[in-house]
Amino acid sequence: MKILVCISSVPDTTSKINFTADKSAFDKNGIQWVINPLDEFALTKAIKLQESQGATVTVINVGDTATEPVIRKALAIGANDGVRVNLDPKDSYSTAKEIAAVAQNGGYDLILCGKESIDYNGGSVPGMVAQLLNQPFVNASVGLDVNGNEATAVREIEGGKETISVKLPAVIAGQKGLVDEKDLIIPNMRGIMSARTKPLQVVEPTSSEVKVQGVSYDSVPPRAAVKLVAADNLDELVRLLHEEAKVI
Amino acid sequence: MAVFVYAENINGVYKKAAFEAVSYAKAVADQAGDTVTAITVNPTDSSDLLYKYGASNVINIKDEGLKNFSAKAYAQAVSEVANGNVIVFPHTTDASSIAPMLAIMNGSSLITNVLEAPESLSPFQVKRKAFSGKGFMHAKSEGAAVILTVSQNAFGVKENTVSGSEEVKNLSVANEDTKVISHEQSSGKLDLKEAEIVVSAGRGLKGPENWGMIEELANVLGAATACSKPVSDIGWRPHNEHVGQTGKAISPNLYIAVGISGAIQHLAGVNSSKTIVVINSDAEAPFFKSADYGVVGDAFQIIPALTEKIKALKG
Ligand SMILES: Cc1cc2nc3c(=O)[nH]c(=O)nc-3n(C[C@H](O)[C@H](O)[C@H](O)COP(=O)(O)OP(=O)(O)OC[C@H]3O[C@@H](n4cnc5c(N)ncnc54)[C@H](O)[C@@H]3O)c2cc1C
């Protein structure tokens, strides 16, 4: 079985988000980059299938040379090889198109993604890749088993869960629950050493068409100072919520 | 500029998010001087409910094949009946699975997590959530046709009754790639993303056996319950209650955080709540900096007392 895992390189979750002075772009100064946390669940699931079913795991990232450290980290976690499409992606569509172009001839049985990336929160790439490849798509997946050319996926629905069987090849977008938090793999020294020699192929993009542009960005306005209420005066809290905020 | 909207129902019953999406579509249509057509799949609810928020035409897709959800089959169905320039979806799990597939089928632009009515129609430009609620992006579509998903609880539900008419379409979309094996829905529980009030608790509660008082407060308020990430990691609460950057992003009218420190990753998912109340024994907890109201004190004393006082208020 061949698995392709899509990973995106995002600002570390503790990052303060700032924009350039003219507000036209995200300010990358001083940012640490990590594998998108939701993609880590997908990657770990793929490594588990590699261990249990002898699958080969390829990671793909659409990005410029600055994203190579996260690809190397994915290789250190256990992926067999990596592909970087040499394009600083400007929207979900251009990202999805490049992933689909690589996947088209790769003969992958399964494409795993995180359900959204925590930077631009598009949540669009997995579904777009599925449609570009004309494959079934399961989103918000919190469980997955593969049996021959069929997968059983559990997806989160509002207020519950649904178990579905899916014909492979398919695209599955995962989130926390796809594997347990405690099973996420932290690369060890051997992994890090072997990642240096694993193949990382760089391919040129097929086009530069974009459909959506970020024209400007704003920060979130700060809240007014907190009003503290004494613990023995909860009547006051109830009054404030009822009369001032009018939320109860 | 015809405006279409996907009115999501769950087991035939319209979701609040559907009414919000219709309200949003109506605002776009008013801006464009056009009308709203709502598309819905196998509803049992009356179309009157959609006229009430401004849909003057309802396309009611009847299709046995769509009894079970499949993103692809649903996208196919919507694509067969929607031929407008703008198609609005709520940003629910199902709708945000359909929208990207539809965008590829139709060659449309897709803008997700939309917060406000468009800033401009031509070119289409709109404000959306980005960086997990730590920033906003003004996104512009390069093409004429655009698909939007509207962030839940952002635009709000706005009544705007119009006289409407319904058209039933019998489709039979192929739905062969995926098959639903089982479907579990916990009944009676409020949907976290739709809830107007959310009571949330963190590691400060010490153990799962102490959640009774959180549920009771939530019951009295008609609220949904949520939790911080470590709480669901340890298994005190189910994963689907975890809110934050890597969990659910929510924007209720009132968010009550009990025994939660207010780490940046937690805040990312909840800071678009309209009013935030923080209850924490540590006066230095970072969450107080992002709260509207705060009580420094022991949750084990405050929560039961607060519950009684709210009960009294509600009479
Ligand atoms: C990649 C990544 C992603 C993450 N994503 C998320 C996310 O999506 N959501 C999320 O929540 N976290 C997330 N986190 C974790 C986050 O950094 C914090 O660890 C977490 O939010 C802390 O949870 P907590 O406040 O419940 O626990 P703690 O940090 O342990 O805080 C408990 C609080 O309870 C208070 N307390 C203790 N006893 C009482 C009492 N009797 N009464 C009142 N208060 C009391 C304490 O003063 C303290 O402030 C993420 C972390 C990483 C690394």
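The values are calculated or read from the model by the stated rules, or taken from the named source; none is laboratory data. In this text, all values refer to a predicted model and were calculated from it rather than measured experimentally. Cβ atoms come from the backbone with ideal geometry, glycine included; neighbour counts cover every protein chain shown.
Looking at A:Ile118 and the list (1) within 15 Å of A:Val202 (Cα to Cα); (2) within 16 Å of the ligand (Cβ to nearest atom), which single condition is not satisfied?
So A:Ile118 meets the others, but not (1).
All but one of (1) in contact with a Gly (Cβ under 9 Å, 6 or more places away or on another chain); (2) within 14 Å of the ligand (Cβ to nearest atom) hold for B:Ser273; state the number of the condition that does not hold.
Among (1) in contact with a Gly (Cβ under 9 Å, 6 or more places away or on another chain); (2) within 14 Å of the ligand (Cβ to nearest atom), the lone unmet condition for B:Ser273 is (1).
Consider B:Asp292 carefully, then state whether it is surrounded by fewer than 21 Cβ atoms within 10 Å (Cβ to Cβ) and either free of Cβ contacts under 8 Å to residues at least 40 places away in the same chain or hydrophobic (A, V, I, L, M, F, W, C) (or both).
So B:Asp292 does not fit the description; no.
Within segment B:194-213, how many residues turn out to be within 16 Å of the ligand (Cβ to nearest atom), over 13 Å from B:Glu241 (Cα atoms) and buried (at least 19 other Cβ atoms within 10 Å of the Cβ)?
Of the residues in that region, 3 qualify.
With the structure loaded, tell me whether B:Lys311 is facing chain A (nearest Cβ under 8 Å), of a type in the set (Lys, Arg) and more than 7 Å from the ligand (Cβ to nearest atom) or whether it fails that test.
In short, no.
Assess whether B:Phe4 counts as being among the aromatic types (Phe, Trp, Tyr), buried (at least 24 other Cβ atoms within 10 Å of the Cβ) and under 27 Å from B:Ser122 (Cα atoms).
yes
Residue-by-condition table, conditions (1) touching a strand residue (DSSP E or B) at 6+ places or on another chain (Cβ under 8 Å); (2) more than 7 Å from every other protein chain (Cβ to nearest Cβ); (3) under 20 Å from A:Asp39 (Cα atoms):
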position	(1), (2), (3)
A:Gly174	yes, yes, yes
A:Leu178	yes, yes, yes
A:Asp183	no, yes, yes
A:Ile192	no, yes, yes
A:Ser216	yes, no, no
A:Ser219	yes, no, no
A:Leu228	yes, no, no
A:Leu240	yes, no, no
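When both residues are 6+ apart or on different chains and their Cβ atoms are under 6 Å apart, which pairs have a first residue that lies in segment A:7-22 and is under 29 Å from A:Ile60 (Cβ atoms) and within 12 Å of chain B (Cβ to nearest Cβ), and a second that is at pLDDT 95 or above and within 11 Å of the ligand (Cβ to nearest atom)?
A:Val10/A:Asn36; A:Val10/A:Ile118; A:Asp12/A:Val34; A:Thr13/B:Gln245; A:Thr13/B:Gln265; A:Thr14/B:Ile264
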